[in-house]
Amino acid sequence: MLPGVPRNLGVRGDSLKPNDFGLFDMLGNTWQWCQDKMLPYQPGPDVEQSVEVREKDSRLLRGGCFYTQARYVRCAYRDRSVPAYLMSNNSFRVAVSILP
C-alpha cells in the first residue's frame, strides 16, 4: 500500500507506516470532531483562538471520511456540523499527553 493513494477497501492497521509523530491512519476513516467552532481563517500567524462554543454551534470537523474524495482527505480540509447531528462518518480521536 502506498500512502496517499485512494483505496476502495479498508486496510489492516499495521499495513501502513506511521507518520512523523508515530501515529497511524490519521485521516480518511471518519471525520474527526474538533472542540473548535468553525471560524474563517485569519491572515497572519496561526494562533489559538479562545472562542466560547455553545452546544447549538457548528463545530469543526477535519480529515475527511471513507467516502470523501481523495483530494479532501487531509487535516487542513475542514467541514462543520452540529453535535446533535449524528452520523456514522463522524468520530473523535482519543488523545493523551505523555509526560517525560
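The values are calculated or read from the model by the stated rules, or taken from the named source; none is laboratory data. Every value quoted in this text rests on a predicted model; they were computed, and no experiment measured them. Positions of Cβ are backbone-derived with ideal geometry, glycine not excepted, and every protein chain shown enters the neighbour counts.
Only a single item in (1) within 17 Å of the chain's Cα centre (by Cα); (2) at pLDDT 70 or above; (3) exposed (fewer than 13 other Cβ atoms within 10 Å of the Cβ) is not met by Gly4, and it is number (2). Looking only at residues of the stretch 7-25 that are over 18 Å from the mean Cα position of the chain (by Cα) and of a type in the set (S, T, N, Q), we find that the one that is modelled with the lowest pLDDT is Asn8. Answer yes or no as to whether Leu16 is surrounded by 12 or more Cβ atoms within 10 Å (Cβ to Cβ) and either touching a strand residue (DSSP E or B) at 6+ places or on another chain (Cβ under 9 Å) or not in a loop (DSSP other than H, G, I, E, B) (or both). So Leu16 does not fit the description; no. Just name the residue that is modelled with the highest pLDDT out of those in the stretch 31-59 that are out of contact with any Phe, Trp or Tyr (no Cβ under 6 Å at 6 or more places or on another chain) and of a type in the set (Phe, Trp, Tyr). Here the residue is Trp31. Among the conditions (1) surrounded by fewer than 16 Cβ atoms within 10 Å (Cβ to Cβ); (2) at pLDDT below 80, the only one that Gly28 does not satisfy is (1). Within the stretch 59-87, the set of residues being among the hydroxyl-bearing types (Ser, Thr, Tyr), part of a loop (DSSP other than H, G, I, E, B) and either surrounded by 15 or more Cβ atoms within 10 Å (Cβ to Cβ) or without any contact (Cβ under 8 Å) to a residue 12 or more places away in the chain (or both) comprises Thr68, Tyr77, Tyr85. The C-beta contact set for the stretch 20-44 (first residue on the phi < 0 side of the Ramachandran plot, second residue acidic (Asp, Glu), distance under 6 angstrom, 6+ apart or interchain) comprises Lys37/Asp57.
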